[in-house]
């Protein structure tokens, strides 16, 4: 069982809205929609060879209070750190928490 007191970092949830750039394309427009308390747990980092260098990814498990407005592709901002949501683990409506599987962006 996880206690609410373990949610010890403040995060801002953001969703992407595409805006027309006037030239036929679109630009990303990240908008904050909620401020939440989270617990961030690092999990095994991964490395792979890219076209010209070694690329490392830092993956994290982020726990927060259950919400119904989360989606893959959103992101979280925790201080200067930025996380992209790759997966959502929802263990059912009776659970108090939800888990986000995220990648920390550079």
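Based on this model, can you work out whether residue 73 counts as assigned to a loop (DSSP other than H, G, I, E, B) and either over 15 Å from residue 105 (Cα atoms) or at pLDDT below 95 (or both)?
Details: assigned to a loop (DSSP other than H, G, I, E, B): yes; either over 15 Å from residue 105 (Cα atoms) or at pLDDT below 95 (or both): no.
The answer is no for residue 73.
As an exercise: evaluate residue 35 against (1) modelled with pLDDT of 90 or more; (2) loosely packed, with under 12 Cβ neighbours inside 10 Å; (3) not in a strand (DSSP E or B) and give the number of the one condition it does not meet.
Unmet for residue 35, out of (1) modelled with pLDDT of 90 or more; (2) loosely packed, with under 12 Cβ neighbours inside 10 Å; (3) not in a strand (DSSP E or B): (3).
Select from the range 38-57 the residues that are at pLDDT 85 or above and assigned to a strand (DSSP E or B) and list them in ascending order. Spell out the reasoning first.
To start, the set of residues in the range 38-57 that are at pLDDT 85 or above comprises 38-43.
Listed by number, the residues that qualify are 38, 39, 40, 41, 42.
So which residues in the range 60-70 are over 10 Å from the mean Cα position of the chain (by Cα), surrounded by fewer than 17 Cβ atoms within 10 Å (Cβ to Cβ) and assigned to a strand (DSSP E or B)?
Selection gives 65 alone.
Please determine, by comparing only the residues of the range 1-24 that are part of a loop (DSSP other than H, G, I, E, B) and at pLDDT 90 or above, which one is nearest to residue 66 (Cα to Cα).
In the first step, residues of the range 1-24 are kept if they are part of a loop (DSSP other than H, G, I, E, B); the result is 1-3, 7-8, 21-24.
Among the residues that remain, those that are also at pLDDT 90 or above are: 7-8.
Numbers: 7: 12, 8: 16 Å.
The extreme case among them is 7.
Just one of the numbered conditions (1) surrounded by 12 or more Cβ atoms within 10 Å (Cβ to Cβ); (2) under 19 Å from residue 106 (Cα atoms) is not true of residue 44; which one?
Unmet for residue 44, out of (1) surrounded by 12 or more Cβ atoms within 10 Å (Cβ to Cβ); (2) under 19 Å from residue 106 (Cα atoms): (1).
The values are calculated or read from the model by the stated rules, or taken from the named source; none is laboratory data. Keep in mind that this is a model prediction, so the values were computed, not measured. Here the Cβ is made from the backbone with ideal geometry for all residues, glycine too, and neighbour counts use every protein chain on show.
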